[in-house]
1. Show me the strands (runs of 3 or more DSSP E) entirely contained within segment 66-175 in which 1 or more residues are farther than 17 Å from Val262 by Cα.
2. Give the residue, chosen from Val119, Val112, Val157, that is in the same structural domain as Tyr233 (by TED's automatic domain parsing), of a type in the set (Val, Ile, Thr) and more than 21 Å from Leu250 (Cβ to Cβ).
3. Collect the residues in segment 185-228 that are farther than 18 Å from Ile152 by Cα and assigned to a helix (DSSP H, G or I), keeping them in residue-number order.
4. Only one of these conditions is not met by Gly101: (1) in the same structural domain as Glu344 (by TED's automatic domain parsing); (2) crowded, with 20+ Cβ neighbours inside 10 Å; (3) small (Gly, Ala, Ser). Which number is it?
5. When you go through Val205, Val180 one by one, which is the residue that is under 30 Å from Thr372 (Cβ atoms), at pLDDT 95 or above and touching a Pro at 6+ places or on another chain (Cβ under 7 Å)?
6. Exactly one condition in (1) in contact with a strand residue (DSSP E or B) (Cβ under 8 Å, 6 or more places away or on another chain); (2) surrounded by fewer than 20 Cβ atoms within 10 Å (Cβ to Cβ); (3) at pLDDT 95 or above is false for Gln63; which is it?
7. Anything in segment 1-56 that is in a helix (DSSP H, G or I) and of a type in the set (A, V, I, L, M)? List them, or say none.
8. Would you be able to tell me the number of residues in segment 303-340 that are part of a strand (DSSP E or B) and farther than 19 Å from Ile20 by Cβ?
Amino acid sequence: MISDLPLTVKSKLPHSGTTIFSVMSALANEYRAINLSQGFPNFESSAELISLVTQYMQKGYNQYAPMQGVMLLREAIAEKMERLYGAKYNPESEINITSGGTQAIYTAITAVIREGDEVIVLEPAYDCYAPAILLNGGIPVYVSLKQPDYHIDWAEVQKAITPRTRMIMINTPHNPSGAVMQEKDMRELERITRDTDIMILSDEVYEHLVFDGREHRGIACYPSLAERSFVIYSFGKTYHNTGWKMGYCLAPVSLMSEFRKVHQYLVFSSNTPVQYALADYMKNNRDYTGLNKFYEEKRDFFLGKIKNSRFKFSPAPGSYFQLLDYSGITSEGDFDFAVRLTKEHGVASVPVSAFYHHPADNKLLRFCFAKTEETLEKAAERLCRI
């Protein structure tokens, strides 16, 4: 029998618990609620893509891929980046396949952040950012996005920069708000990092989910920013298969060489047959160039169904998340209301306060609309009954 004497462990993340996404999904399962909390589609990935994975498994592509990723896939990514953004990345030395976007983010931070380095984090922020910084001895420096549209106050970012600032993290389209950075934002980021050693980590996993005629103008579109940046993308968000945990990182040689030093000891390589399948599937770019329209229609369908509810909203500019303001319904804190909404009304969401290091309760919940119309309609009916 194993001894039950407790060991004394000094936690490296003393203020971290189970993620809010896991908490709300578990609650949704317990109460058989419609789960609009965790960000994943409830519809299938392409049958063609699934078939390609199966074919490569059956052909014997089941051993380790190269540490950097399958060259065919890296070449397909390089071609896509040049065609969509006019950006030239060398598939040999500047592209690396990863086991999801979160792994890429952690690897990039681990590669370059040392004890005492400061990293500017714009919040509300996805919950993996700060823990990755803290685990590497870095110091998150928080700058709040401005409501109601969650824009960046670049004067505040400028004030937050000190001689110890090593990195600025950005996220566009933004999770949880759906905000999309514009040309003027990128020019401001260029201005404040010019003639500095500050690096940028740009989380662009929702790159194709930009609505209402907007364009995704990511880091790769700006050479002076790209030369100091890790840029993170996700196959899971693009091809509706988040459980495959496949992503990639782009960076100039000087940064990528450091990234790979960590990557090789963190996961070494990512799923081999999936990489070959994705390389084949990317030859048909229809599935991502039409993704904005696909999700814009889902957003509009969901919002159309709740237009007569007591929730208030502005349509999300990007991502597959929609914020709903419930201040006209109750004065409860957002976590308490999210729990009650799940238990009593059968719809699970995520309280936006969970995306702040010190919870800021603005009476907002985040709902994922990457669902079938049937699911969205059922959820909307329940929300309208409140």
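The values are calculated or read from the model by the stated rules, or taken from the named source; none is laboratory data. What you see is a predicted model, and the numbers here were worked out from it, not measured in a lab. In this analysis, Cβ positions are derived from the backbone assuming ideal geometry, glycine residues included, and neighbour counts consider all displayed protein chains.
1. Working: elements: 95-98, 118-123, 139-144, 165-171.
Fully inside segment 66-175 and qualifying: 118-123, 139-144, 165-171.
2. One residue alone meets the criteria, Val157.
3. Result: Ala220, Cys221, Pro223, Ser224, Ala226.
4. Exception for Gly101: condition (1).
5. Every option except Val180 fails the conditions.
6. Gln63 satisfies every listed condition except (1).
7. Within segment 1-56, Ile20, Val23, Met24, Ala26, Leu27, Ala28, Ala47, Leu49, Ile50, Leu52, Val53 meet the criteria.
8. Result for segment 303-340: 2.
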